[in-house]
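Taking it in order: structure first as C-alpha coordinates, then the write-up.
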Amino acid sequence: MHHFTYRDGEMFAEGVPLSRIAREVGTPVYVYSAATLRRHFRVFDEAFAGTDHLVCYAMKANSNQAILRLLADMGAGMDIVSGGELQRAKAAGVAGEKIVFSGVGKTDAEMRAALDYGILSFNVESVAELHRLSEVAEAMGRRAPVALRINPDVDAKTHEKISTGKAVDKFGIPWLEARAAYAEAARLPGIEVKGVAMHIGSQITDLAPFEQAFTLMADLIRLLRADGHDIRHADLGGGLGVPYHGDTDMPPHPDDYAAMVKRLLGSLGVKLIMEPGRMIAGNAGVLLGRVLFVKETGSKTFVITDVGMNDLIRPTLYEAFHHILPVREPAVDAPRKVVDVVGPVCETGDYIARDRDLPVMQRGDLFAVMTAGAYGAVQSCTYNTRALVPEVLVDGERFAVIRPRLEARDIIALERLAPWQVKDEMA
Ligand code: LLP
(Lines give C-alpha, C1' and ligand atoms only; values in the text may rest on other atoms or scores of the structure.)
Protein backbone atom coordinates (compact mmCIF):
# COMPACT_ATOMS: atom_id res chain seq x y z
CA MET A 1 0.00 0.00 0.00
CA HIS A 2 1.50 3.34 -1.04
CA HIS A 3 0.56 6.80 -2.25
CA PHE A 4 2.18 6.92 -5.69
CA THR A 5 -0.72 6.76 -8.11
CA TYR A 6 -1.76 7.99 -11.52
CA ARG A 7 -4.12 10.91 -11.49
CA ASP A 8 -5.25 12.86 -14.56
CA GLY A 9 -2.81 10.89 -16.69
CA GLU A 10 0.31 11.39 -14.61
CA MET A 11 1.88 9.98 -11.49
CA PHE A 12 1.46 11.81 -8.23
CA ALA A 13 3.14 11.39 -4.88
CA GLU A 14 0.14 12.03 -2.63
CA GLY A 15 -1.09 15.45 -3.82
CA VAL A 16 2.03 16.46 -5.75
CA PRO A 17 2.69 15.63 -9.42
CA LEU A 18 6.11 14.05 -9.82
CA SER A 19 6.68 16.20 -12.92
CA ARG A 20 6.59 19.27 -10.67
CA ILE A 21 9.29 17.85 -8.40
CA ALA A 22 11.40 17.00 -11.44
CA ARG A 23 10.99 20.55 -12.73
CA GLU A 24 11.82 22.23 -9.44
CA VAL A 25 14.46 19.90 -7.98
CA GLY A 26 15.80 18.15 -11.09
CA THR A 27 16.51 14.45 -11.61
CA PRO A 28 17.54 11.97 -10.37
CA VAL A 29 15.76 12.54 -7.08
CA TYR A 30 14.30 10.32 -4.36
CA VAL A 31 10.71 11.17 -3.47
CA TYR A 32 9.14 9.89 -0.24
CA SER A 33 5.51 9.84 0.85
CA ALA A 34 4.90 10.80 4.47
CA ALA A 35 1.43 9.23 4.46
CA THR A 36 2.90 5.90 3.37
CA LEU A 37 5.58 6.00 6.06
CA ARG A 38 3.00 6.79 8.72
CA ARG A 39 0.69 4.08 7.51
CA HIS A 40 3.39 1.42 7.50
CA PHE A 41 4.58 2.33 10.97
CA ARG A 42 1.03 2.38 12.31
CA VAL A 43 0.05 -0.96 10.77
CA PHE A 44 3.14 -2.62 12.20
CA ASP A 45 2.88 -0.99 15.61
CA GLU A 46 -0.85 -1.69 15.94
CA ALA A 47 -0.30 -5.35 15.09
CA PHE A 48 1.41 -5.60 18.50
CA ALA A 49 -1.20 -3.55 20.37
CA GLY A 50 -1.91 -4.99 23.80
CA THR A 51 1.60 -6.39 24.22
CA ASP A 52 4.55 -4.68 25.88
CA HIS A 53 6.55 -3.78 22.78
CA LEU A 54 8.76 -1.23 21.10
CA VAL A 55 9.22 -0.81 17.36
CA CYS A 56 12.82 0.26 16.79
CA TYR A 57 12.95 1.38 13.17
CA ALA A 58 16.15 0.08 11.54
CA MET A 59 17.40 3.41 10.32
CA LYS A 60 19.98 1.86 8.03
CA ALA A 61 17.08 1.51 5.56
CA ASN A 62 16.61 5.26 5.33
CA SER A 63 18.18 7.55 7.89
CA ASN A 64 17.27 10.99 6.61
CA GLN A 65 16.55 13.31 9.55
CA ALA A 66 13.09 14.17 8.23
CA ILE A 67 12.15 10.50 8.03
CA LEU A 68 13.53 9.80 11.52
CA ARG A 69 11.68 12.77 12.97
CA LEU A 70 8.42 11.69 11.35
CA LEU A 71 8.74 8.19 12.84
CA ALA A 72 10.04 9.38 16.21
CA ASP A 73 7.01 11.66 16.47
CA MET A 74 4.86 8.53 16.12
CA GLY A 75 6.67 6.88 19.02
CA ALA A 76 9.25 4.84 17.13
CA GLY A 77 12.51 3.81 18.73
CA MET A 78 15.57 3.21 16.57
CA ASP A 79 17.89 0.34 15.75
CA ILE A 80 21.33 1.77 15.09
CA VAL A 81 24.51 0.13 13.79
CA SER A 82 27.14 2.86 14.18
CA GLY A 83 28.15 5.91 16.12
CA GLY A 84 27.03 7.94 13.13
CA GLU A 85 23.54 6.48 13.36
CA LEU A 86 23.55 7.23 17.08
CA GLN A 87 24.22 10.86 16.24
CA ARG A 88 21.36 10.78 13.77
CA ALA A 89 18.99 9.34 16.38
CA LYS A 90 20.03 11.99 18.89
CA ALA A 91 19.64 14.77 16.32
CA ALA A 92 16.13 13.50 15.57
CA GLY A 93 15.30 13.65 19.29
CA VAL A 94 15.05 9.91 19.97
CA ALA A 95 15.51 9.11 23.67
CA GLY A 96 18.28 6.73 24.71
CA GLU A 97 15.82 4.29 26.24
CA LYS A 98 14.36 3.73 22.78
CA ILE A 99 17.62 2.83 21.05
CA VAL A 100 19.13 -0.60 20.43
CA PHE A 101 22.64 -0.88 19.01
CA SER A 102 23.30 -3.79 16.62
CA GLY A 103 26.36 -4.69 14.59
CA VAL A 104 29.40 -6.98 14.75
CA GLY A 105 32.11 -4.35 15.01
CA LYS A 106 31.51 -1.62 17.59
CA THR A 107 34.52 0.54 18.46
CA ASP A 108 35.37 1.74 21.98
CA ALA A 109 34.31 5.26 21.02
CA GLU A 110 30.95 4.00 19.77
CA MET A 111 30.42 1.96 22.94
CA ARG A 112 31.24 4.99 25.09
CA ALA A 113 28.94 7.29 23.16
CA ALA A 114 26.05 4.83 23.41
CA LEU A 115 26.66 4.26 27.15
CA ASP A 116 26.77 8.00 27.65
CA TYR A 117 23.41 8.37 25.94
CA GLY A 118 21.86 5.61 28.07
CA ILE A 119 20.66 3.31 25.32
CA LEU A 120 18.20 0.50 25.94
CA SER A 121 20.39 -2.35 24.76
CA PHE A 122 23.64 -3.30 23.09
CA ASN A 123 22.99 -6.27 20.84
CA VAL A 124 26.32 -8.00 21.35
CA GLU A 125 27.50 -10.29 18.58
CA SER A 126 30.56 -12.06 20.01
CA VAL A 127 32.18 -12.99 23.31
CA ALA A 128 35.14 -10.79 22.39
CA GLU A 129 32.79 -7.81 22.04
CA LEU A 130 31.20 -8.70 25.38
CA HIS A 131 34.58 -8.53 27.11
CA ARG A 132 35.52 -5.24 25.53
CA LEU A 133 32.12 -3.68 26.28
CA SER A 134 32.45 -4.75 29.91
CA GLU A 135 35.87 -3.07 30.15
CA VAL A 136 34.67 0.12 28.50
CA ALA A 137 31.59 0.30 30.74
CA GLU A 138 33.56 -0.48 33.89
CA ALA A 139 36.04 2.28 33.12
CA MET A 140 33.06 4.64 32.98
CA GLY A 141 31.69 3.27 36.26
CA ARG A 142 28.73 1.83 34.39
CA ARG A 143 27.12 -1.45 33.46
CA ALA A 144 26.13 -1.91 29.85
CA PRO A 145 22.60 -3.25 29.21
CA VAL A 146 23.03 -6.20 26.89
CA ALA A 147 21.16 -8.70 24.75
CA LEU A 148 23.26 -11.35 23.05
CA ARG A 149 22.45 -11.71 19.38
CA ILE A 150 22.11 -15.40 18.75
CA ASN A 151 22.60 -16.91 15.32
CA PRO A 152 19.95 -19.66 15.10
CA ASP A 153 21.32 -21.20 11.87
CA VAL A 154 18.05 -20.74 10.03
CA ASP A 155 17.83 -20.29 6.26
CA ALA A 156 15.77 -17.15 5.64
CA LYS A 157 15.55 -18.05 1.91
CA THR A 158 16.57 -14.63 0.75
CA HIS A 159 19.41 -13.25 -1.39
CA GLU A 160 22.76 -14.53 -0.08
CA LYS A 161 24.04 -10.98 0.49
CA ILE A 162 21.18 -10.16 2.88
CA SER A 163 20.95 -13.44 4.80
CA THR A 164 22.27 -13.07 8.33
CA GLY A 165 21.01 -16.02 10.38
CA LYS A 166 22.87 -18.98 8.91
CA ALA A 167 25.85 -20.54 10.65
CA VAL A 168 28.11 -19.36 7.81
CA ASP A 169 27.06 -15.70 8.20
CA LYS A 170 29.27 -13.41 10.29
CA PHE A 171 26.42 -12.36 12.56
CA GLY A 172 25.58 -13.37 16.09
CA ILE A 173 26.81 -15.94 18.56
CA PRO A 174 26.32 -19.54 17.42
CA TRP A 175 23.20 -21.11 18.83
CA LEU A 176 25.12 -23.90 20.57
CA GLU A 177 27.40 -21.44 22.34
CA ALA A 178 24.59 -19.22 23.61
CA ARG A 179 24.33 -20.58 27.15
CA ALA A 180 28.08 -20.43 27.71
CA ALA A 181 28.14 -16.86 26.40
CA TYR A 182 25.37 -15.84 28.81
CA ALA A 183 27.23 -17.50 31.67
CA GLU A 184 30.28 -15.44 30.71
CA ALA A 185 28.17 -12.26 30.47
CA ALA A 186 26.82 -12.82 33.98
CA ARG A 187 30.40 -12.98 35.32
CA LEU A 188 31.49 -9.70 33.74
CA PRO A 189 31.36 -6.65 36.04
CA GLY A 190 30.50 -4.12 33.31
CA ILE A 191 27.61 -6.11 31.83
CA GLU A 192 23.95 -6.30 32.77
CA VAL A 193 22.10 -9.04 30.91
CA LYS A 194 18.72 -7.79 29.76
CA GLY A 195 17.56 -9.81 26.80
CA VAL A 196 18.02 -11.98 23.77
CA ALA A 197 18.29 -10.80 20.17
CA MET A 198 18.04 -12.34 16.70
CA HIS A 199 17.91 -11.05 13.15
CA ILE A 200 17.89 -13.69 10.45
CA GLY A 201 17.92 -11.64 7.27
CA SER A 202 16.11 -9.15 5.12
CA GLN A 203 13.44 -9.22 2.38
CA ILE A 204 11.89 -12.35 3.86
CA THR A 205 8.53 -13.15 2.30
CA ASP A 206 7.62 -16.30 4.19
CA LEU A 207 6.71 -16.67 7.87
CA ALA A 208 8.33 -20.12 8.18
CA PRO A 209 11.95 -19.03 8.79
CA PHE A 210 10.78 -16.50 11.39
CA GLU A 211 8.71 -19.18 13.07
CA GLN A 212 11.70 -21.52 13.18
CA ALA A 213 13.91 -18.81 14.66
CA PHE A 214 11.42 -17.57 17.23
CA THR A 215 10.65 -21.11 18.37
CA LEU A 216 14.34 -21.49 19.13
CA MET A 217 14.32 -18.11 20.82
CA ALA A 218 11.46 -19.08 23.14
CA ASP A 219 13.31 -22.30 24.06
CA LEU A 220 16.46 -20.33 24.71
CA ILE A 221 14.69 -17.81 26.95
CA ARG A 222 13.31 -20.68 29.07
CA LEU A 223 16.74 -22.28 29.31
CA LEU A 224 18.45 -19.02 30.20
CA ARG A 225 15.90 -18.27 32.88
CA ALA A 226 16.42 -21.75 34.30
CA ASP A 227 20.14 -20.92 34.33
CA GLY A 228 19.30 -17.91 36.49
CA HIS A 229 19.43 -15.06 33.95
CA ASP A 230 16.90 -12.27 34.17
CA ILE A 231 15.71 -12.11 30.55
CA ARG A 232 13.39 -9.16 30.18
CA HIS A 233 13.25 -8.47 26.47
CA ALA A 234 13.29 -10.34 23.19
CA ASP A 235 14.57 -8.44 20.15
CA LEU A 236 13.24 -10.14 17.04
CA GLY A 237 15.17 -8.09 14.49
CA GLY A 238 13.63 -6.95 11.23
CA GLY A 239 13.36 -8.73 7.93
CA LEU A 240 9.76 -8.56 6.74
CA GLY A 241 9.88 -8.13 2.99
CA VAL A 242 8.08 -5.78 0.64
CA PRO A 243 6.42 -6.65 -2.68
CA TYR A 244 9.00 -5.54 -5.25
CA HIS A 245 7.29 -7.59 -7.96
CA GLY A 246 3.88 -7.43 -6.37
CA ASP A 247 2.89 -11.00 -7.20
CA THR A 248 5.55 -13.61 -6.50
CA ASP A 249 6.95 -11.85 -3.46
CA MET A 250 3.95 -10.87 -1.36
CA PRO A 251 5.23 -10.64 2.22
CA PRO A 252 3.17 -11.79 5.19
CA HIS A 253 0.86 -9.17 6.66
CA PRO A 254 2.21 -7.64 9.90
CA ASP A 255 -0.93 -8.95 11.66
CA ASP A 256 -0.02 -12.53 10.78
CA TYR A 257 3.59 -11.95 11.75
CA ALA A 258 2.48 -10.47 15.08
CA ALA A 259 0.02 -13.30 15.74
CA MET A 260 2.81 -15.84 15.24
CA VAL A 261 5.16 -13.89 17.52
CA LYS A 262 2.52 -13.64 20.23
CA ARG A 263 1.76 -17.36 19.95
CA LEU A 264 5.43 -18.29 20.37
CA LEU A 265 6.63 -15.66 22.83
CA GLY A 266 3.50 -14.13 24.31
CA SER A 267 3.38 -16.28 27.42
CA LEU A 268 6.97 -15.51 28.42
CA GLY A 269 6.27 -12.04 29.73
CA VAL A 270 9.11 -10.42 27.82
CA LYS A 271 9.03 -6.98 26.25
CA LEU A 272 9.07 -7.44 22.46
CA ILE A 273 11.41 -5.32 20.38
CA MET A 274 11.17 -5.33 16.61
CA GLU A 275 13.61 -3.73 14.16
CA PRO A 276 11.76 -3.31 10.85
CA GLY A 277 13.46 -1.20 8.22
CA ARG A 278 12.45 -2.12 4.70
CA MET A 279 8.76 -2.70 5.42
CA ILE A 280 8.48 0.83 6.83
CA ALA A 281 10.40 2.70 4.16
CA GLY A 282 10.55 0.51 1.04
CA ASN A 283 7.23 1.29 -0.57
CA ALA A 284 7.28 4.85 0.73
CA GLY A 285 9.80 6.05 -1.84
CA VAL A 286 10.46 6.20 -5.56
CA LEU A 287 13.52 7.28 -7.48
CA LEU A 288 12.52 9.71 -10.17
CA GLY A 289 14.67 9.81 -13.30
CA ARG A 290 14.70 10.98 -16.88
CA VAL A 291 15.52 9.27 -20.17
CA LEU A 292 18.60 10.77 -21.86
CA PHE A 293 18.90 8.65 -25.00
CA VAL A 294 17.56 5.50 -26.57
CA LYS A 295 20.18 3.36 -28.30
CA GLU A 296 19.45 0.40 -30.58
CA THR A 297 22.41 -1.90 -31.11
CA GLY A 298 20.95 -4.65 -33.22
CA SER A 299 20.95 -7.12 -30.35
CA LYS A 300 19.47 -4.83 -27.69
CA THR A 301 17.65 -1.61 -27.00
CA PHE A 302 19.21 0.48 -24.25
CA VAL A 303 17.18 3.16 -22.54
CA ILE A 304 19.96 5.38 -21.20
CA THR A 305 18.86 7.42 -18.21
CA ASP A 306 20.24 9.84 -15.65
CA VAL A 307 19.80 7.26 -12.84
CA GLY A 308 23.14 5.61 -12.14
CA MET A 309 24.22 2.68 -10.00
CA ASN A 310 25.69 5.32 -7.68
CA ASP A 311 22.12 6.50 -7.05
CA LEU A 312 20.59 3.02 -6.65
CA ILE A 313 22.96 0.08 -6.27
CA ARG A 314 20.34 -2.58 -5.47
CA PRO A 315 19.77 -4.00 -8.99
CA THR A 316 23.44 -4.73 -9.60
CA LEU A 317 24.38 -5.62 -6.02
CA TYR A 318 21.48 -7.95 -5.18
CA GLU A 319 19.94 -8.66 -8.62
CA ALA A 320 17.04 -6.69 -7.17
CA PHE A 321 13.89 -6.08 -9.18
CA HIS A 322 12.26 -2.65 -9.10
CA HIS A 323 9.23 -1.79 -11.21
CA ILE A 324 9.79 1.11 -13.59
CA LEU A 325 6.73 3.19 -14.38
CA PRO A 326 6.52 6.11 -16.80
CA VAL A 327 5.42 9.29 -15.03
CA ARG A 328 3.01 10.07 -17.87
CA GLU A 329 0.44 7.29 -17.67
CA PRO A 330 0.72 5.05 -20.73
CA ALA A 331 -2.39 4.16 -22.69
CA VAL A 332 -3.54 0.57 -22.14
CA ASP A 333 -2.63 -0.23 -25.75
CA ALA A 334 0.65 1.76 -25.73
CA PRO A 335 3.44 0.07 -27.73
CA ARG A 336 5.87 -1.90 -25.58
CA LYS A 337 9.40 -3.08 -26.02
CA VAL A 338 11.89 -5.27 -24.19
CA VAL A 339 14.75 -2.99 -23.14
CA ASP A 340 17.67 -2.58 -20.78
CA VAL A 341 17.25 0.50 -18.61
CA VAL A 342 20.76 1.71 -17.80
CA GLY A 343 22.56 4.66 -16.25
CA PRO A 344 25.44 6.86 -17.37
CA VAL A 345 28.11 5.31 -15.12
CA CYS A 346 31.05 3.65 -16.84
CA GLU A 347 30.36 0.13 -15.60
CA THR A 348 28.54 -2.75 -17.25
CA GLY A 349 26.79 -3.31 -13.93
CA ASP A 350 25.18 0.10 -14.16
CA TYR A 351 21.59 -0.85 -14.83
CA ILE A 352 18.19 -0.53 -13.22
CA ALA A 353 16.54 -3.29 -15.24
CA ARG A 354 17.58 -5.78 -17.88
CA ASP A 355 15.40 -7.33 -20.56
CA ARG A 356 12.37 -5.54 -19.16
CA ASP A 357 9.12 -5.30 -21.12
CA LEU A 358 8.13 -1.64 -20.81
CA PRO A 359 5.97 0.92 -22.59
CA VAL A 360 8.19 2.60 -25.20
CA MET A 361 10.08 5.54 -23.68
CA GLN A 362 11.73 8.48 -25.40
CA ARG A 363 14.32 11.11 -24.68
CA GLY A 364 13.02 13.48 -22.02
CA ASP A 365 10.46 11.08 -20.55
CA LEU A 366 10.28 10.90 -16.77
CA PHE A 367 9.98 7.58 -15.01
CA ALA A 368 9.72 6.34 -11.43
CA VAL A 369 11.76 3.45 -10.06
CA MET A 370 9.31 2.03 -7.56
CA THR A 371 9.86 0.70 -4.02
CA ALA A 372 13.10 2.61 -3.65
CA GLY A 373 12.51 4.14 -0.22
CA ALA A 374 14.62 1.57 1.66
CA TYR A 375 18.33 0.99 1.04
CA GLY A 376 18.23 3.45 -1.86
CA ALA A 377 19.48 6.91 -0.88
CA VAL A 378 21.43 5.53 2.09
CA GLN A 379 23.55 3.43 -0.25
CA SER A 380 24.06 6.19 -2.82
CA CYS A 381 27.47 7.64 -3.52
CA THR A 382 29.25 10.02 -5.85
CA TYR A 383 31.12 7.50 -8.03
CA ASN A 384 32.12 9.03 -11.37
CA THR A 385 31.87 12.38 -9.55
CA ARG A 386 28.16 12.39 -10.03
CA ALA A 387 26.24 14.70 -7.73
CA LEU A 388 24.88 13.01 -4.61
CA VAL A 389 21.22 12.33 -5.33
CA PRO A 390 18.80 14.64 -3.46
CA GLU A 391 15.77 13.58 -1.41
CA VAL A 392 12.31 15.10 -1.24
CA LEU A 393 9.51 14.48 1.26
CA VAL A 394 5.91 14.88 0.19
CA ASP A 395 3.19 15.35 2.78
CA GLY A 396 -0.24 15.89 1.26
CA GLU A 397 -0.03 18.87 -1.07
CA ARG A 398 3.35 19.99 0.26
CA PHE A 399 6.85 18.91 -0.58
CA ALA A 400 10.28 19.84 0.69
CA VAL A 401 13.86 19.01 -0.19
CA ILE A 402 15.17 17.03 2.78
CA ARG A 403 18.65 16.47 1.35
CA PRO A 404 19.88 18.86 -1.29
CA ARG A 405 21.87 17.68 -4.25
CA LEU A 406 25.56 17.63 -3.34
CA GLU A 407 27.17 19.06 -6.48
CA ALA A 408 30.59 18.23 -7.93
CA ARG A 409 31.99 21.51 -6.58
CA ASP A 410 30.94 20.51 -3.05
CA ILE A 411 32.56 17.12 -3.44
CA ILE A 412 35.80 18.58 -4.77
CA ALA A 413 35.83 21.14 -1.97
CA LEU A 414 36.21 18.27 0.53
CA GLU A 415 39.56 17.31 -1.01
CA ARG A 416 43.00 18.86 -0.40
CA LEU A 417 46.30 18.86 -2.14
CA ALA A 418 49.15 17.53 -0.03
CA PRO A 419 51.15 20.51 1.25
CA TRP A 420 54.14 19.67 -0.97
CA GLN A 421 51.91 19.83 -4.05
CA VAL A 422 50.88 23.42 -3.44
CA LYS A 423 52.78 25.66 -5.79
CA ASP A 424 54.15 28.82 -4.21
CA GLU A 425 52.12 31.41 -6.03
CA MET A 426 54.60 34.13 -5.04
CA ALA A 427 57.65 32.39 -6.47
N1 LLP B 1 18.13 -5.36 12.32
C2 LLP B 1 19.37 -5.73 11.95
C3 LLP B 1 20.32 -6.18 12.97
C4 LLP B 1 19.73 -5.70 10.59
O5 LLP B 1 20.95 -6.08 10.24
C6 LLP B 1 18.79 -5.26 9.62
C7 LLP B 1 19.14 -5.21 8.22
C8 LLP B 1 17.51 -4.87 10.08
C9 LLP B 1 17.22 -4.94 11.43
C10 LLP B 1 16.45 -4.38 9.16
O11 LLP B 1 16.04 -5.35 8.28
P12 LLP B 1 14.79 -5.08 7.32
O13 LLP B 1 13.57 -4.99 8.19
O14 LLP B 1 15.05 -3.82 6.59
O15 LLP B 1 14.78 -6.26 6.43
N16 LLP B 1 21.01 -3.27 1.68
C17 LLP B 1 20.20 -4.46 1.58
C18 LLP B 1 19.55 -4.83 2.90
C19 LLP B 1 20.52 -5.04 4.02
C20 LLP B 1 19.85 -5.35 5.33
C21 LLP B 1 20.82 -5.40 6.43
N22 LLP B 1 20.27 -5.58 7.75
C23 LLP B 1 19.18 -4.29 0.47
O24 LLP B 1 19.18 -3.25 -0.20
O25 LLP B 1 18.39 -5.18 0.22
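The values are calculated or read from the model by the stated rules, or taken from the named source; none is laboratory data. Remember, predicted model here, so these are calculated numbers, not experimental data. Methodologically, a virtual Cβ is constructed for each residue, glycine included, from the backbone with ideal geometry; neighbour enumeration extends over all protein chains shown. Heads up: the accessible areas ignore ligands, DNA and RNA and are worked out on the full protein's heavy atoms, side chains in. Shrake-Rupley method; radii C 1.70, N 1.55, O 1.52, S 1.80 Å.
Assorted remarks:
- Scan segment 396-427 for residues that are of a type in the set (Val, Ile, Thr) and under 21 Å from ASN64 (Cα atoms) and the total you get is 3.
- Once segment 250-297 is narrowed to residues that are of a type in the set (Ser, Thr, Tyr) and open to solvent by 60 Å² or more (accessible area, probe 1.4 Å), the residue that is farthest from the ligand (Cβ to nearest atom) is THR297.
- Yes/no for ALA368 being within 16 Å of the ligand (Cβ to nearest atom) and either within 23 Å of ILE21 (Cα to Cα) or open to solvent by less than 30 Å² (accessible area, probe 1.4 Å) (or both): no
- Residue in segment 169-198 that is nearest to ARG142 (Cα to Cα), counting only those that are surrounded by fewer than 24 Cβ atoms within 10 Å (Cβ to Cβ) and within 16 Å of the ligand (Cβ to nearest atom): ILE173
- Residue selected from segment 373-427 under the condition among the hydrophobic types (A, V, I, L, M, F, W, C), within 16 Å of the ligand (Cβ to nearest atom) and in a loop (DSSP other than H, G, I, E, B), by the criterion nearest to ARG88 (Cα to Cα): ALA374
- Test: residue in segment 305-313 that is surrounded by fewer than 22 Cβ atoms within 10 Å (Cβ to Cβ), within 12 Å of the ligand (Cβ to nearest atom), in contact (Cβ under 8 Å) with a residue 40 or more places away in the chain and aliphatic (A, V, I, L, M): yes
- Close pairs from segment 209-237: first open to solvent by 10 Å² or more (accessible area, probe 1.4 Å), partner assigned to a loop (DSSP other than H, G, I, E, B) and at pLDDT below 95, Cβ under 8 Å, at least 6 apart: GLN212/PRO152; GLN212/VAL154; LEU216/PRO152; LEU216/VAL154
- Counting only helices (runs of 4 or more DSSP H) that fall entirely inside segment 1-99 and contain at least 3 residues that are of a type outside the set (A, V, I, L, M) and under 20 Å from TYR244 (Cβ atoms), the qualifying elements are 34-47.
- Taking the criterion of being within 22 Å of PRO404 (Cα to Cα) and open to solvent by 10 Å² or more (accessible area, probe 1.4 Å), the only residue of segment 36-60 that qualifies is LYS60.
- Pair list, Cβ under 6 Å, 6 or more apart: segment 33-62 residue away from the ligand (no atom under 15 Å from the Cβ), other residue open to solvent by 50 Å² or more (accessible area, probe 1.4 Å) and of a type outside the set (Val, Ile, Thr): SER33/HIS3; ALA35/HIS3; THR36/HIS2; THR36/HIS3; ASP52/LYS271
Conditions (1) under 25 Å from the mean Cα position of the chain (by Cα); (2) over 23 Å from SER33 (Cα atoms), marked per residue:
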| position | (1), (2) |
| --- | --- |
| GLY289 | yes, no |
| THR297 | no, yes |
| ASN310 | yes, no |
| TYR318 | yes, yes |
| HIS323 | yes, no |
| ASP333 | no, yes |
| PRO344 | no, yes |
| GLY349 | yes, yes |
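- Number of residues in segment 105-122 that are exposed (fewer than 15 other Cβ atoms within 10 Å of the Cβ) and outside any helix (DSSP H, G or I): the value is 3.
- Screening SER33, SER102, SER63, SER82 for residues that are open to solvent by less than 40 Å² (accessible area, probe 1.4 Å), in contact with a Phe, Trp or Tyr (Cβ under 7 Å, 6 or more places away or on another chain) and of a type in the set (S, T, N, Q) leaves exactly one candidate, SER33.
- Per this entry, SER126 is counted among residues that are open to solvent by 10 Å² or more (accessible area, probe 1.4 Å), in the same structural domain as VAL270 (by TED's automatic domain parsing), within 16 Å of the ligand (Cβ to nearest atom) and among the small types (Gly, Ala, Ser).
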